[in-house]
Amino acid sequence: MAGEVPNLAESKLRALVVDDNLVNQMTHHKLLDRLGIQNDVVCNGQEAVDVHCSGRNYDLILMDMEMPIMNGIQATKILREMGIESKIAGVTTRAEEEERKEFMEAGLNYFQEKPLTISKLASKFKY
Amino acid sequence: MGKFMQGYLDEQFMELEELQDDANPNFVEEVAASYFKDSARLINNIDQALRRGPLDFNRLDSYMHQFKGSSTSIGASKVKTECTMFREYCRAGNAEGCLRTFQELKKEHATLRKKLEHYFQVQASDQLCVINQLQNMC
């Protein structure tokens, strides 16, 4: 991996990983840890909504598209309707144009194709 | 990673190795264990779905989407390629193509599993050698 890994611990950023896949949960959690970003992990869009209803908020949400119970598109729409202004990055292996458009229109700030890497994530935190 | 794993794992696996640190010294092995547990479940689901006629291509595609997602995250390039091909056959409603590709996928998956088991064993014994050498120096 070229270049130094930025340490964002001092910025006290918080992130939420929303993904039903355990491998993705582990890797995204670890990626954020390595950047010094505190993060929580939930398994689907409904849990992402619930965690915000409980009063928690985040600077960045990594939102998978296809999940059971509530998918990323629906969850993003609901979070925006709730007034959540966090940066939401849509993260998926699905990258067909129409699906990407639908996901973006739900309220994403970014779209990021999997797999996520340190450099892809770090580029989202240009403070 | 070496020639032993070449072609089976792509640069994403190296990204995972970069994440391994003193706080999580077995991170990659833990991710691999989760991957194989999850993929065994998916293989079983797909196997059962392929035995039912007529084939539910939407369900099969959904399972394979999950499989491709995990495979992408661990860097399992050959398995990922077979997942992509399977999904194309699903979209074309090609049952024979799905069955054929699934057999290939299972072979690649089994090969990857053996290679990774060996890889982690070698790593563990390398680490033991280092510890023994350090102890001998004291």
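The values are calculated or read from the model by the stated rules, or taken from the named source; none is laboratory data. Predicted, not measured: the structure shown is a model, and the values here were computed from it. So basically every Cβ, Gly included, is an ideal-geometry build from the backbone, and we count neighbours across all protein chains shown. Areas reflect the complete protein model, heavy atoms only, side chains present, ligands, DNA and RNA absent. Shrake-Rupley method; radii C 1.70, N 1.55, O 1.52, S 1.80 Å.
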Euclidean distance between Cα centres, the range B:70-138 to the range A:96-124, Å: 26 Å
Average other protein chain Cβ within 10 Å of Cβ, residues A:13-26: 4
Sites B:SER125 and B:GLN48, calculated FRET efficiency, Cβ-Cβ separation with R0 41 Å, nearest 0.05: 0.60
Solvent-accessible area of B:ARG91 with every protein chain in place, 1.4 Å probe, in Å² to the nearest 10: 140 Å²
Relative contact order (%) - chain B, alpha-carbon pairs under 8 angstrom, separation at least six: 25 percent
Surface share of carbon and sulfur [accessible, 1.4 angstrom probe, percent] for the protein assembly as shown: 48 percent
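Pairs to check: A:LYS77/B:LYS107; A:LYS12/B:LYS68; A:LYS77/B:LYS37; A:LYS120/B:LYS115; A:LYS87/B:LYS37; A:LYS87/B:LYS107. Give those whose C-alpha atoms are more than 31 Å from each other in this structure.
From the list (A:LYS77/B:LYS107; A:LYS12/B:LYS68; A:LYS77/B:LYS37; A:LYS120/B:LYS115; A:LYS87/B:LYS37; A:LYS87/B:LYS107), the Cα-Cα distance tops 31 Å for A:LYS77/B:LYS107; A:LYS12/B:LYS68; A:LYS77/B:LYS37; A:LYS87/B:LYS37; A:LYS87/B:LYS107.
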Within the range A:14-45: backbone nitrogen closer than 20 Å to the B:ASN26 label point (7 Å, Cα to C-beta): A:22-31
Cα gyration tensor shape of the protein assembly as shown, rounded if a/c is under 1.5, else prolate or oblate by comparing a/b with b/c: oblate
By accessible area with a 1.4 Å probe, ligands and nucleic acids excluded, highest first: order of A:MET104, A:MET67, A:MET26: A:MET104, A:MET26, A:MET67
Where B:PHE57, B:PHE67, B:PHE120 fall by accessible area, highest first, once all protein chains stay in place (1.4 Å): B:PHE57, B:PHE120, B:PHE67
Highest-fluctuation residue, A:VAL49, A:VAL23, A:VAL91 considered, GNM on chain A with Cα pairs under 10 Å: A:VAL23
